[in-house]
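Colleague: Mind looking over this structure? Questions follow.
The values are calculated or read from the model by the stated rules, or taken from the named source; none is laboratory data. All figures in this text were calculated on a predicted structure; none of them were measured in a lab. Neighbour counts are summed over all protein chains in view; Cβ atoms, including those assigned to glycine, are modelled from backbone coordinates with ideal geometry. Each accessible area value is taken on the protein alone, full model and side chains, heavy atoms only, with ligands, DNA and RNA left out. Shrake-Rupley method; radii C 1.70, N 1.55, O 1.52, S 1.80 Å.
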Amino acid sequence: MTPELLEVEVGPVAHGGFCVARHEGQAVFVRHALPGERVRALVTERRKGFLRADAVEVLLPSPDRVIPPCPFAGPGACGGCDWQHASWDAQRELKSQVLREQLARLGGISDLNDLSVLVEPLPGGPLSWRTRVQYAVDGEGRPGLHRHRSSDVIPVDRCRIAHPAIQALPILDRAWPPGSTVEATASSAGETAVLTRAARTGPPTGPVPPIRERAAGHEWLLDAGGFWQVHPHAVEAFTGAVLAQLAPEPAERAWDLYGGAGVFAAALAPHCGPVTVVEADRRAVAAGRRALRDLTNVTFARGDVAQVLANPRWRRVDLVVLDPPRSGAGRAVVEAIAARGPRAVSYVACDPAAFARDVRTFGELGYDLTGLRAFDSFPMTQHFETVGLLTPR
Ligand SMILES: C[S@@+](CC[C@H](N)C(=O)[O-])C[C@H]1O[C@@H](n2cnc3c(N)ncnc32)[C@H](O)[C@@H]1O
């Protein structure tokens, strides 16, 4: 493709880590820019109906623009961060705008009444937070990080958003099997582990090291590479928000859906009646059962949430927390929850679009969004976590 430079006025932020501009009537999704800027943008992709572009020269900068703390952030470089060029306050404001826009467009909620959609900071600042990092290895065995929307590997000296214990691991200064993936974990118990895979996904090569995680007065022995919230303060923030939203009463029954190793169940159990965790992953369920064996009111059901809830035996529930993967829960699961008439549902979401779609479905079934928190648990990136409260109308 011949390099094509466009001069554009940058418009609002959109979900995906870019802003929207217009050029000759066509939408241009511009990365590395900020709303209100005038930039020269290099077209990186032409699609039917829109273009993708990288701002390579800023003609009129936003007051929110800063020098990226990482030298590998920017056009054509590492694709891991989206907002290194924005102040941390501005990053959270951009994320708040994305949440508001997704709730309006996909959730059908244009009037949020007195719900705040401020994305709150977590302690520790925007760097050195990431406790799980996946490094890619190029065809010559050199480790690094992927370029944005590409399988190219960018060599880096260190990843500035990685937890200091991960930055200290001897990973980036040695060779690895060509084309493999190296996953580094730093745990809340102060341990580190390194796992390799022959490809980006796929089974680990060699033994999977165990890793201990601590939260809510419990300790889990997990497989490195298994799911755990990535930011060191995420579990505390999310469980605190869920507990405040659900306000459990002693005899109430609760479900922790997509429960992983039972972090939300561990936080809820001391305050309510029976808690059932539903989780598909066998290793997470085994780790959860081991870690929470002293909580006699917690049980685990292993299986697909939709299939488990399709069983009419699962009749009564008062409180539900659900924390689905990026794709969201979907209509069948939302219908299955609403059909049981819970008093309160706390929805923990890592994707605002999937969250907004599911909130719309809840609305059709008589549940309104009556509480909303959001956390910047992935600073410098476009990602954030939302915790929404749904209650019957
Ligand atoms: C975002 S994680 C949340 C885990 C847990 N709540 C936590 O905070 O540690 C989503 C979890 O859902 C599980 N999962 C994904 N799809 C599922 C499904 N259809 N049924 C049951 N569990 C599923 C994954 O294995 C993963 O543990």
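Colleague: Between Leu5 and Asp157, take the C-beta separation as r, use R0 = 35 Å, and let me know the FRET efficiency to the nearest 0.05.
Modeller: In this case the efficiency is close to 0.70.
Colleague: May I ask you to list the trypsin sites (Lys or Arg not before Pro) in region 322-384 that are in a DSSP loop and have at most 12 other Cβ atoms within 10 Å of their Cβ?
Modeller: Arg326
Colleague: Of all accessible surface on the chain at a 1.4 Å probe, what whole percent is carbon and sulfur?
Modeller: Summing carbon and sulfur atoms, their accessible area is 53 percent of the total for the chain.
Colleague: With every protein chain present, what is the per residue accessible area of region 42-114 (1.4 Å probe, Å²)? Spell out each step's value before the answer.
Modeller: Working: 3700 Å² over 73 residues.
So region 42-114 comes to 51 Å² accessible per residue, rounded to a whole number.
Colleague: Measure nothing fancy, just the Cα-based angle from helix 282-291's long axis to the longest principal axis of the chain, in degrees from 0 to 90, nearest 10.
Modeller: The two axes meet at around 60 degrees.
Colleague: Separate question: Taking the Cα atoms of region 259-359, what is the range of coordinates along each of the three principal axes, in descending order and whole Å?
Modeller: So the extents along the principal axes, rounded to whole Å, are 37, 25, 24.
Colleague: Beta carbons within 10 angstrom, averaged per residue: use that to sort the peptides 256-263, 106-113, highest first. Working shown, then result.
Modeller: Numbers: 256-263: 26.6, 106-113: 14.2.
Descending packing order for the listed peptides: 256-263, 106-113.
Colleague: Check Asp152: other-chain or 5+ apart residues with amide H under 5 Å from its amide H, H built from backbone geometry?
Modeller: Arg147
Colleague: Which whole-Hz couplings ³J(HN,Hα) result when phi for each residue of region 342-347 is put into the Karplus expression 6.51 cos²θ - 1.76 cosθ + 1.60, θ = phi - 60°, listed in order with x for Gly and Pro?
Modeller: x, 5, 8, 10, 10, 10
Colleague: Moving to a separate point now. Once you treat every alpha carbon in region 1-116 as an equal point and sum by Debye, what is log10 I(q)/I(0) at q = 0.18, 0.23 Å⁻¹?
Modeller: -0.93, -1.33
Colleague: Using the Kirkwood radius over C-alpha pairs as Rh, can you work out the diffusion coefficient of region 132-223 via Stokes-Einstein at 4 °C, viscosity 1.567 mPa s, in µm² per second?
Modeller: Result for D is 93 µm²/s.
Colleague: Can you give me the long-range amide H partners of Leu122? Hydrogens built in the peptide plane at 1.01 Å from N, cutoff under 5 Å, separation of 5 or more residues or another chain.
Modeller: When sequence neighbours closer than 5 places are left aside, the close amide H contacts are Asp376.
Colleague: Please report the antiparallel percentage of the DSSP beta bridges confined to the chain, to the nearest 5.
Modeller: The answer is about 70 percent antiparallel.
Colleague: Dimensions of region 5-65 along principal axes (Cα, Å, largest first)?
Modeller: In descending order, the Cα extents are 33, 24, 18 Å.
Colleague: Which residues make up the longest stretch of the chain clear of GluC sites (Glu not before Pro) that lie in a DSSP loop with no more than 13 other Cβ atoms within 10 Å, not counting the sites?
Modeller: Longest gap between qualifying sites, sites excluded: 141-393.
Colleague: At 1.4 Å probe size, put His231, His23 in order of accessible surface, largest to smallest. Don't skip to the end; give the middle numbers.
Modeller: On the way: His231 5, His23 50 Å².
Final ranking, largest accessible area leading: His23, His231.
Colleague: Do you know the relative contact order of the chain, to the nearest whole percent, from alpha carbon pairs under 8 angstrom that are 6+ apart?
Modeller: Details: 902 pairs, mean separation 51.1, N = 393.
Over the chain, the number comes to 13 percent.
Colleague: Continuing with this model, one more query. On a 0 to 90° scale, report how tilted helix 88-105 is relative to the longest principal axis of the chain, with both axes built from alpha carbons and the result rounded to the nearest 10.
Modeller: The helix 88-105 is inclined about 70 degrees to the chain.
Colleague: A further question on this structure: Which of the trypsin sites (Lys or Arg not before Pro) found in region 186-240 are in a DSSP loop and have at most 14 neighbouring Cβ atoms, other than their own, within 10 Å? Don't jump to the answer; show the numbers that get you there.
Modeller: Details: sites: Arg197, Arg200, Arg212, Arg214; in loops: Arg200.
Passing both the DSSP loop test and the Cβ count: Arg200.
Colleague: For q values of 0.06, 0.07 Å⁻¹, compute log₁₀ I(q)/I(0) with the Debye formula on a Cα-only model of the chain, without solvent.
Modeller: Normalising to I(0) and taking log10 leaves -0.25, -0.35.
Colleague: Residue by residue through region 262-272, what is 3J(HN,Hα) from phi via Karplus (6.51 cos²θ - 1.76 cosθ + 1.60, θ = phi - 60°)? Round to whole Hz and write x for glycine and proline.
Modeller: Values, residue by residue: x, 4, 6, 4, 4, 6, 7, 3, x, 10, 9 Hz.
Colleague: For the chain, take the longest principal axis of its alpha carbons; what is the angle in degrees between that and the long axis of helix 352-364, to the nearest 10 within 0 to 90?
Modeller: The helix 352-364 is inclined about 40 degrees to the chain.
Colleague: Mind checking the per residue accessible area of region 132-223 for me, 1.4 Å probe, whole number of Å²?
Modeller: 49 Å²
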